[in-house]
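Undergrad: I'd like to ask some things about the structure below.
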Amino acid sequence: MLPLHKRDQFDNLEKHTQWGIEYVDKYTKFVKERSEIEISYAKQIRNLSKKYQPKKNSKEEEESKYTFCRAFLTSLNELNDYAGQHEVIAENLTSQIITDLTRYLQELKAERKSHFHDGRKAQQQLESSWKQLESCKKKFERDCKEADRAQQHFERMDADINVTKADVEKARQQAQVRHQMAADSKNDYHSYLQKFNQEQHEHYYTVIPNIFQNLQDMEEKRIERLGVCMKTFAEVDRQVLPIVGKCLDGMTSAAEGIEPKTDSNQVVESYKSGFEPPGDVEFEDYGQAMKRTVSENSLSNSRESKEKPAGKSKSKLWPFIKNKNKGSVPEDFSHLPPEQRRKKLQGKIDELKKDIQKEMDQRDALTKMKDVYVKNPQMGDPASVDPRLAEIAMNIEKLQSEEQKFENWLAEVEERMPSKSETHRKSVIYETQNSTVSNNCAQDRESPDGSYTEEQSAETQVKAVANRTSCAPESDDEFDELETIGTCKALYTFEGQNEGTISVTEGELLYVIEEDKGDGWTRVRRNEEEEGYVPTSYIEVLLETNAKDS
């Protein structure tokens, strides 16, 4: 029988090569999952970058002024590019490994099947030859036994005297035939034995070694292919490292470009009000009864105050008071401090100039088109352009009117804003006179929400310095606290959360110490220590007769 160890080797090789194919498939799935992770990661990074991008309807323009906001925006953009590199990794893993290995797996399966088919076929052929050899051998053995029996039968017949000569001759011929058949079988067996030995030698020394060598080559190619893919797996990452490095360098450069000083100056520039700081509070000498200066928190009934409404107390606190009346914004931005108002007006004027320029450009283009139509009537009707030209002319006129309006407001604001020379001149006058004028006399009235009505011009302020005695209190009582000019009843509850205001409850009775000057606020007192402003619409005021007359 054919030795079993070769068949066993084929079985073991078949199992091993099948495991090798499954290993290639396993590695392919690993790379595929890595690719999916890269795609998912890139998507999440892109979504994160998009989520924190400044929205179009937010303070995008406001944020762009600050270096740290621009640095963060740059980092977000670089992060988006960083996500793109992970998408490149996924694409390269798919094209350079997954697709290649998937195709190679099919080729590997086909090659393995072919090699084992050849091996099985060679095995079957050798086994078939072995069976034929066994058959020849048995036939030779059978014919030899038959020849021996025929010879023995002939010898018995020849020795028996009772047998006829014809029967003896017949037995002799039968023995000769059997010997001839045995000789032929022997020749066939010998010949087939040589053939089998040759086939067996070729099988074990040529055919099977070749098949094993092919399987070995196939395995080595598979292992080599896996090694190349694993190297590619690392190279795919390495290829994007320079670009990833540039993204990270961009983030670092953006962070290094942050300038705290510049950003803080931007805040100062954005929110400086243009209000002149209050003057120094003079020392009040109670030893000289009638020579005390007016404090900021006193109410003056001077002639200057009658000519112009006196400012409310605590006006120096305007930077810290929130605007509780967030109604519609005035067109002239009068609700803003002087400097902010000037900026807003200037910005509006710039916008109007751009709009006017656009309209003029359209007008020039249409005028040229009309000239072309006049010269070449076949190209169009010149009259068809007139309605649009008339509309543009009206738009230009309207925009110019708007621009003039805002320029007038701007000129008014710039005229009222105190210059450095005026401020210096006023300080000299204050020093020579050795006295000060309270903000209620020298500056305009402010409401608790931080708005203002109108500032005094420099000329009026200098005049106030000359007439400073008119702003002095007329009595000690008037200096110590404001007189009660009436009473009021709270119609609604008001939470006075801002500095300068006072909280009241519905139905509460309070004293009125300063009536509404046109800004919607009335100053009231609960007791000697609690006083402040409340909305006029929240209370019912009952002024005393003498207060109304005054």
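Undergrad: If a residue must be farther than 16 Å from Thr94 by Cβ and open to solvent by 80 Å² or more (accessible area, probe 1.4 Å), how many such residues does the range 12-47 contain?
TA: So the count comes out to 9.
Undergrad: Looking only at the range 182-196, count every residue that is polar (S, T, N, Q) and open to solvent by less than 40 Å² (accessible area, probe 1.4 Å) and tell me the total. Full working, then the answer.
TA: Pass one, the range 182-196, residues polar (S, T, N, Q): 185, 187, 191, 194.
Filter again for open to solvent by less than 40 Å² (accessible area, probe 1.4 Å), leaving 185.
Of the residues in the range 182-196, 1 are polar (S, T, N, Q) and open to solvent by less than 40 Å² (accessible area, probe 1.4 Å).
Undergrad: Determine whether the range 273-283 contains at least one residue that is under 40 Å from the mean Cα position of the chain (by Cα), surrounded by 14 or more Cβ atoms within 10 Å (Cβ to Cβ) and at pLDDT below 95. First the steps, then the outcome.
TA: Step one: filter the range 273-283 for residues under 40 Å from the mean Cα position of the chain (by Cα), giving 273-274.
Going one step further and asking which of them are surrounded by 14 or more Cβ atoms within 10 Å (Cβ to Cβ), we end up with 273-274.
Keeping just the survivors that are at pLDDT below 95 gives 273-274.
Yes, the conditions are met somewhere in the range 273-283.
Undergrad: Filtering the range 253-270 down to residues that are more than 14 Å from Asn77 (Cβ to Cβ) and among the hydroxyl-bearing types (Ser, Thr, Tyr), which residue is least open to solvent (accessible area, probe 1.4 Å)?
TA: Ser270
Undergrad: Looking at (1) at pLDDT below 75; (2) open to solvent by 40 Å² or more (accessible area, probe 1.4 Å); (3) assigned to a loop (DSSP other than H, G, I, E, B), can you tell me which one Trp318 breaks?
TA: Every listed condition holds for Trp318 apart from (3).
Undergrad: What number of residues within the range 463-504 satisfy the criterion of being outside any loop (DSSP other than H, G, I, E, B), under 28 Å from Thr536 (Cα atoms), among the charged types (D, E, K, R) and modelled with pLDDT under 85?
TA: 3
Undergrad: Scan the range 505-524 for residues that are open to solvent by 10 Å² or more (accessible area, probe 1.4 Å) and of a type in the set (Asp, Glu) and jot them down.
TA: Matches in the range 505-524: Glu506, Glu508, Glu515, Asp516, Asp519.
Undergrad: Is it the case that Lys139 is in contact (Cβ under 8 Å) with a residue 40 or more places away in the chain and open to solvent by 80 Å² or more (accessible area, probe 1.4 Å)? Steps first, please.
TA: Working: in contact (Cβ under 8 Å) with a residue 40 or more places away in the chain: yes; open to solvent by 80 Å² or more (accessible area, probe 1.4 Å): yes.
Yes.
Undergrad: Let me ask something else about it. Can you name the condition, by its number, that Lys344 falls short on among (1) assigned to a helix (DSSP H, G or I); (2) modelled with pLDDT under 85; (3) open to solvent by less than 60 Å² (accessible area, probe 1.4 Å)?
TA: Of the numbered conditions (1) assigned to a helix (DSSP H, G or I); (2) modelled with pLDDT under 85; (3) open to solvent by less than 60 Å² (accessible area, probe 1.4 Å), the odd one out for Lys344 is (3).
Undergrad: Also, quick follow-up: From Val177, Val163, grab the single residue that is at pLDDT 90 or above, among the hydrophobic types (A, V, I, L, M, F, W, C) and surrounded by fewer than 17 Cβ atoms within 10 Å (Cβ to Cβ).
TA: Values: Val163 fails: at pLDDT 90 or above.
Unique residue meeting the criteria: Val177.
Undergrad: Can you name the residue in the range 92-136 that is under 18 Å from Glu202 (Cα atoms) and under 57 Å from the mean Cα position of the chain (by Cα) and is also surrounded by the fewest Cβ atoms within 10 Å (Cβ to Cβ) among such residues?
TA: Step by step, filter the range 92-136, then rank; the result is Phe116.
Undergrad: Which of the residues belonging to the range 347-387 are assigned to a helix (DSSP H, G or I) and of a type in the set (Asp, Glu)? Let's see the steps before the verdict.
TA: Here is the first cut: in the range 347-387, the ones assigned to a helix (DSSP H, G or I) are 347-375, 377-379, 382-387.
Residues satisfying the conditions are Asp350, Glu351, Asp355, Glu359, Asp361, Asp364, Asp371, Asp386.
Undergrad: Scan the range 232-252 and give yes if some residue there is within 30 Å of Tyr82 (Cβ to Cβ), over 26 Å from the mean Cα position of the chain (by Cα), surrounded by 16 or more Cβ atoms within 10 Å (Cβ to Cβ) and of a type in the set (A, V, I, L, M, F, W, C), otherwise no.
TA: yes
Undergrad: Is there any pair linking a residue in the range 402-418 that is closer than 14 Å to Asp350 by Cα and modelled with pLDDT of 80 or more to one that is among the basic types (Lys, Arg) and surrounded by 14 or more Cβ atoms within 10 Å (Cβ to Cβ), with Cβ under 8 Å and at least six apart or on different chains, and which?
TA: Phe406/Lys348; Leu410/Arg342
Undergrad: Residue by residue through the range 197-229, note down the ones that are more than 30 Å from Glu127 (Cα to Cα) and open to solvent by less than 90 Å² (accessible area, probe 1.4 Å). Break it down into steps so the answer makes sense when it comes.
TA: At the first step, the residues of the range 197-229 found to be more than 30 Å from Glu127 (Cα to Cα) are 220-229.
Arg222, Arg225, Leu226, Gly227, Val228, Cys229, listed by residue number.
Undergrad: Please find, within the range 235-265, the residue that is farthest from Asn92 (Cα to Cα) out of those that are in a helix (DSSP H, G or I) and of a type in the set (Gly, Ala, Ser). Step through it out loud before you land on a result.
TA: Going residue by residue through the range 235-265, those that are in a helix (DSSP H, G or I) are 235-256, 260-265.
Still in the list and also of a type in the set (Gly, Ala, Ser): 245, 250, 253-255, 264.
On the way: Gly245: 19, Gly250: 25, Ser253: 29, Ala254: 30, Ala255: 32, Ser264: 47 Å.
Here the answer is Ser264.
Undergrad: Going by the structure shown, is Phe68 in contact (Cβ under 8 Å) with a residue 40 or more places away in the chain, open to solvent by less than 70 Å² (accessible area, probe 1.4 Å), part of a helix (DSSP H, G or I) and hydrophobic (A, V, I, L, M, F, W, C)?
TA: Numbers: in contact (Cβ under 8 Å) with a residue 40 or more places away in the chain: yes; open to solvent by less than 70 Å² (accessible area, probe 1.4 Å): no; part of a helix (DSSP H, G or I): yes; hydrophobic (A, V, I, L, M, F, W, C): yes.
Spelling it out, it is not the case that Phe68 is in contact (Cβ under 8 Å) with a residue 40 or more places away in the chain, open to solvent by less than 70 Å² (accessible area, probe 1.4 Å), part of a helix (DSSP H, G or I) and hydrophobic (A, V, I, L, M, F, W, C).
Undergrad: Do the conditions hold for His153, that is, is it assigned to a helix (DSSP H, G or I) and under 60 Å from the mean Cα position of the chain (by Cα)? It would help to see each step written out before you state the result.
TA: Values: assigned to a helix (DSSP H, G or I): yes; under 60 Å from the mean Cα position of the chain (by Cα): no.
So His153 fails the test.
The values are calculated or read from the model by the stated rules, or taken from the named source; none is laboratory data. Because the structure is predicted, anything quoted here is derived from the model rather than measured. Using ideal geometry, Cβ is built from the backbone for each residue, glycine included, and neighbour counts are taken over all protein chains shown. The accessibility values were calculated without ligands, DNA or RNA, using every heavy atom of the protein model including side chains. Shrake-Rupley method; radii C 1.70, N 1.55, O 1.52, S 1.80 Å.
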